[in-house]
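A.B. asks: The structure's right below; bear with me while I get my questions together.
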Amino acid sequence: MAPETQQFDLIVLGGGPGGYVCAIRASQLGLKTALVEKRATIGGTCVNVGCIPSKALLDSSHRYHDLMEGLTEHGIEVEKPRLNLKAMMDRKTGIVKELTDGLDFLMKKNKITVLRGTGSFIGQKDGQVQIQVEGQNGSAVAQAGKVVIATGSEVIPLPGLEVDGEHIITSDHAIALQKVPEHLVIIGGGVIGLELGSVWKRLGARVTVIELLPGILMGLDRQMRELALRLFKQQGLEFLFEHKVVGAENKKGQVEIKIVDKDDKEAAPIIADKLLVAVGRRPFTDKLNLESVGVKLTERGRVAVDGHSLQTSNPLIYAIGDVIDGPMLAHKAEEEGVKIAEDLAGKSGHVNYNAVPFVVYSWPEIAWVGKGEDELKAAGIPYNSGKFLFRPNGRAKAMGAGDGQVKILAHKETDELLGIAIVGPGASELIAEAVIAIEFGAAAEDIARSFHAHPTLAEVMKEAALAVDRRALHA
Ligand code: NAI
């Protein structure tokens, strides 16, 4: 007997931050909603193996590193601390569990039906899109008038390198190592490379980053990324720019990494215990059977959507997050999910792509929103620049965290904020002020004239905004 078809207003494929947030908002607005998730837990890459576990390890390793090196200037002397990596990993696992349990609770609270299993399209009939869900306990069929694809992304493999989880690893493995590697080599000087490189460096590994391009974080303002690179180097991270890995071989429990320079000239191989591949992610659309419902991909393999409505080539089907164009960031996916839910419920959803913040949770943290100087020059937009260091800031001094700077770029004629970049303590939180200012179309003057509690790190934002008009107070 064919399984009974369950009927919904909306089915969301994928329970990452984009998908589950979309489902919650849709449910809040009265849509009967199902969420299809193949993992045993909700939360996607971000909660299960990405943002959250890496932040847990970044926090723990930061504390360890402080104990090892950072506390004597505060007048605190400790016997040599001992690393209990298992306890650190257990803490991380516990945090993930608490959050995924919390998400299960949120699904129940919002009366969202969670269909456990791998979803794929079957087809479309009478204005209803049919979805098959292959679960551990058999398959189910569900249908809805609207479907959102939120299936996320997967690690891009490198030709010639087979991930074995032992010597050649991805971030999934790098957040769960049971021993501190002596030498960790990372391919890719992007966000994962810098965050996980920081974790293992702080825990005692030698870390080498091999990057194809001439610098790190190419989306960040040039001067700010050079500042960040200098600080990473001061911490002992090693970088090999304009090189690429062309192969790797296991040799007596280690991995020999073959590299070539930008002219394809062979360079001396590097021996490491672990080789982490972190060269970006690609959209995950495998086995979705998109052809059955006429959903088209872009040339780069992302689900093609209309930029305004996020509708795919099938008007009943939408897509959000890592599977469509744009930065692969949880908060970008979340905003898109909320927008679609609101549009479907007859409201006016909204995503302001000019105000997407980027954050790297290194030490010091790096965060930015809007454009950098090179982008503004290339676009012919006249601007003023204001910069202010953390060093003279009272709170930063009290914390012993003076490295870094805030840079604010504002339109030369209108003073409208165009880009804000922060390398410094608390950047991940400070950027929220910048995002709101850009969202409200504020001018540098608006930040400059607003109260910023004293003494706080946020005063560096105010000083940088004053510096746009050459009137910083503590410079
Ligand atoms: P990424 O796109 O941030 O960086 C990849 C880097 O690898 C780039 O610098 C690229 O030039 C380099 N690269 C590419 N091919 C290479 C090759 N063959 N050899 C050497 N270098 C090569 O990607 P990443 O770090 O893997 O992160 C994946 C995604 O996850 C990103 O979209 C990122 O935004 C997201 N993510 C975000 C985090 C955050 O918001 N804090 C944390 C971790 C990941």
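The values are calculated or read from the model by the stated rules, or taken from the named source; none is laboratory data. Predicted, not measured: the structure shown is a model, and the values here were computed from it. For neighbour counting, all protein chains shown are included, and Cβ atoms are generated from backbone atoms with ideal geometry for every residue, glycine included. These area figures cover heavy atoms from the full protein model, side chains too; ligands, DNA and RNA do not enter into them. Shrake-Rupley method; radii C 1.70, N 1.55, O 1.52, S 1.80 Å.
A.B. asks: List every residue pair whose Cβ atoms sit under 6 Å apart, with the two residues 6 or more apart in sequence or on different chains, where the first one lies in the stretch 109-128 and is part of a strand (DSSP E or B) and the second, anywhere, is acidic (D, E).
C.D. replies: Close Cβ pairs satisfying both conditions: T118/E134.
A.B. asks: Among the candidates A379, A421, single out the residue that is of a type in the set (A, V, I, L, M) and touching a strand residue (DSSP E or B) at 6+ places or on another chain (Cβ under 9 Å).
C.D. replies: After ruling out the rest, the residue left standing is A421.
A.B. asks: Enumerate the strands (runs of 3 or more DSSP E) found wholly within the stretch 356-409, keeping only those where 2 or more residues are within 18 Å of F232 (Cα to Cα).
C.D. replies: Correct list: 358-360, 365-370.
A.B. asks: If you don't mind, another one. Out of the residues in the stretch 156-192 that are surrounded by fewer than 18 Cβ atoms within 10 Å (Cβ to Cβ) and within 11 Å of the ligand (Cβ to nearest atom), which is farthest from V245 (Cα to Cα)?
C.D. replies: So, considering only residues that are surrounded by fewer than 18 Cβ atoms within 10 Å (Cβ to Cβ) and within 11 Å of the ligand (Cβ to nearest atom), the one farthest from V245 (Cα to Cα) is I156.
A.B. asks: Is there a residue being within 28 Å of G386 (Cα to Cα), free of Cβ contacts under 8 Å to residues at least 12 places away in the same chain and either open to solvent by less than 10 Å² (accessible area, probe 1.4 Å) or within 15 Å of the ligand (Cβ to nearest atom) (or both) anywhere in the stretch 202-223?
C.D. replies: yes
A.B. asks: Can you pull out every residue in the stretch 249-273 that is out of contact with any strand residue (DSSP E or B) (no Cβ under 6 Å at 6 or more places or on another chain) and either open to solvent by less than 40 Å² (accessible area, probe 1.4 Å) or of a type outside the set (D, E, K, R) (or both)?
C.D. replies: N250, G253, A268
A.B. asks: Go through the stretch 283-306 and give me each residue that's open to solvent by 60 Å² or more (accessible area, probe 1.4 Å) and either at negative phi or free of Cβ contacts under 8 Å to residues at least 60 places away in the same chain (or both).
C.D. replies: Listed by number, the residues that qualify are D286, E291, K296, L297, E299, R300, D306.
A.B. asks: Looking at I95, I122, which one is open to solvent by 40 Å² or more (accessible area, probe 1.4 Å), under 28 Å from D172 (Cβ atoms), modelled with pLDDT of 95 or more and in the same structural domain as I340 (by TED's automatic domain parsing)?
C.D. replies: I95
A.B. asks: Evaluate the following for P327: is it within 16 Å of the ligand (Cβ to nearest atom), buried (at least 21 other Cβ atoms within 10 Å of the Cβ) and closer than 30 Å to G236 by Cα?
C.D. replies: The answer is no for P327.
A.B. asks: Ok, one more. Going by what's in this entry, would V359 be described as touching a Ser or Thr at 6+ places or on another chain (Cβ under 7 Å), over 30 Å from G127 (Cα atoms) and either of a type outside the set (F, W, Y) or surrounded by 18 or more Cβ atoms within 10 Å (Cβ to Cβ) (or both)?
C.D. replies: The answer is yes for V359.
A.B. asks: Can I ask one more? Evaluate the following for G280: is it touching a residue at least 60 places away in the same chain (Cβ under 8 Å), within 11 Å of the ligand (Cβ to nearest atom) and under 30 Å from I408 (Cα atoms)?
C.D. replies: yes
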